[in-house]
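Quick note: the coordinates plus some simple rules give every number you see, no bench work behind them. Please read these numbers as outputs of a predicted model, since none were measured by experiment. Reconstructed Cβ throughout: ideal geometry from the backbone, glycine too, with neighbour counts over all protein chains shown.
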Amino acid sequence: MRVLLVYCNSMLENALPIGVSQLVSCLKEAGISVDLFDTTFYRYGRKSATENRIEALQFPPCPLNFKGGNMEEDFRAKIENFQPHLIGISVVEPTFLLGMRLLESARELLTKNNIRVAMGGVHAILAPQTADGRDLVDYVCISEGEQAFVELCKMLEKGKDVSGINGFWVRRNGTWEKNRKAPLTDINKLPLMDFTLFGESYLNKPMMGRLYRTISIETTRGCPYHCSYCGDYSLKKLFKGEGSWYRKKENQKNLCLFFEGGFMVQEKVHAKNRGGTEGLYKDIQS
Ligand code: B12
Ligand code: SF4
């Protein structure tokens with residue numbers, strides 16, 4: 001089973017994404033072959049937020065890491081080379097249309113090769129109905145993906161009927177079969193996030209006119225606060241009754257990351273033994 005994850009991201013927004021990186025490691029752990037297509041470094045729109053901020057004099061100029069090439073052409077090439085059975089696109093609200101644009105650009109390939117598409121991410125959870133009329137999307141993930149997506153992949157691999165699968169809306173004859181949510185993820189039982197499919201360009205994040213070496217770590221899932229304008233607040237309400245949406249990592253060993261050829265060369269640094277987040281910070285500096 002080959003799964004192509006597609007990280008639909010705003011231009012140059014190069015913080016390593018926790019959700020997709022966690023899915024990569026969960027899929028790998030389940031023996032599923034996984035690759036990534038990432039929109040981050042393509043200039044597919046007019047201006048990135050970084051350029052706007054520089055223009056508005058919010059911060060001084062800094063190098064912009066755009067790569068060349070045409071996003072849609074490269075997406076099709078990736079499909080042709082990797083030949084996925086399933087594509088998993090990850091979207092938030094402002095990147096949903098970007099995801100749809102990519103799928104449309106590969107319509108012929110997807111149809112000809114009968115490649116299924118699953119859509120996930122905060123937007124899929126909060127607004128699954130936006131997949132109405134998007135006939136290239138077969139499954140919409142209405143839950144966290146660690147268990148649900150792996151389950152979907154395994155069932156598809158075995159040729160099983162996925163119509164009742166928890167955590168997904170499933171397209172059947174043009175209408176949605178709306179299944180139950182999947183149980184919340186136990187974030188203390190996850191394999192380490194896998195950043196290896198993301199390139200070196202993620203390591204240098206422009207902030208205030210300088211490039212800083214950055215990584216993403218997850219110490220909690222969900223937020224303890226309740227700002228009414230925030231997606232996290234809506235997620236908390238949506239998952240009420242399913243357990244606590246706000247979860248903490250009990251020990252910090254799952255903070256640790258591996259990035260081949262990057263600055264975090266040790267695969268299983270025990271951050272706690274090294275002084276928790278501060279220790280991790282020192283590691284990054286050295
Ligand atoms: C960290 C963070 C960032 C980081 C990293 C983003 C990332 N993609 O990881 C940075 C700084 C880069 C960022 C940028 C942006 N962010 Co932000 N970000 C967050 C934050 C604080 C946490 C997200 C997180 O890591 N959650 C934990 C992980 C595990 O969850 P997850 O990513 O949703 O992934 C899980 C599921 O959704 C699912 N899943 C995800 N992808 C897929 C794919 C498939 C196929 C399947 C089946 C399942 C699946 O499985 C994952 C594991 O369980 C949230 C607010 C919050 N407190 O939740 C906002 C939030 C997600 N961001 C938001 C926005 C708007 C943005 C930007 C568009 C801002 C901008 N204008 O550029 C960009 C878009 C970047 C992008 N493509 O996501 C909104 C989204 C609103 C919405 N309704 O969609 C949120 C909710 C905040 C808010 N304003 O309300 N963000
Ligand atoms: S904006 Fe969202 S993530 Fe930030 S403190 Fe408020 S509820 Fe938490």
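What to note about this one:
- For the stretch 79-158, trypsin sites (Lys or Arg not before Pro) are listed when DSSP marks them as loop and at most 14 other Cβ atoms sit within 10 Å of their Cβ; the list is 158.
- Counting DSSP beta bridges with both ends in the chain, the antiparallel % (nearest 5): 40
- Length added when fully stretched, residue 207-residue 108, from 0.36 nm per residue minus Cα-Cα: 31.6 nm
- Net charge over other residues, Cβ less than 11 angstrom from the Cβ of residue 84 (K, R count +1; D, E count -1): +1
- The stretch 2-178, dipole about Cα centre (Lys/Arg Cβ +1, Asp/Glu Cβ -1), debye to the nearest 20: 200
- Label sites at residue 166 and residue 234, each approximated as a point 7 angstrom past Cα along Cα to Cβ, lie 2.5 nm apart.
- Alpha-carbon centroid distance for the pair the stretch 79-98 / the stretch 126-173, whole angstrom: 14
- Seen from a random direction on average, the alpha-carbon convex hull of the chain projects onto 15.8 square nanometres.
- Normalised by the number of residues in the chain, the mean separation of alpha-carbon contacts (under 8 Å, six or more apart) gives a relative contact order of 18 percent.
- Low-density loop cleavage sites - chymotrypsin sites (Phe, Trp or Tyr not before Pro) in the stretch 193-229, where at most 11 other Cβ are within 10 Å (DSSP): 225, 229
- Under the span-like rule (Cα at least 15 Å along the axis, Kyte-Doolittle mean at least 0.5), DSSP H helices of the chain: 18-29
- Global form of the stretch 93-238, assessed from the alpha-carbon gyration tensor, a/c cut-off 1.5: prolate
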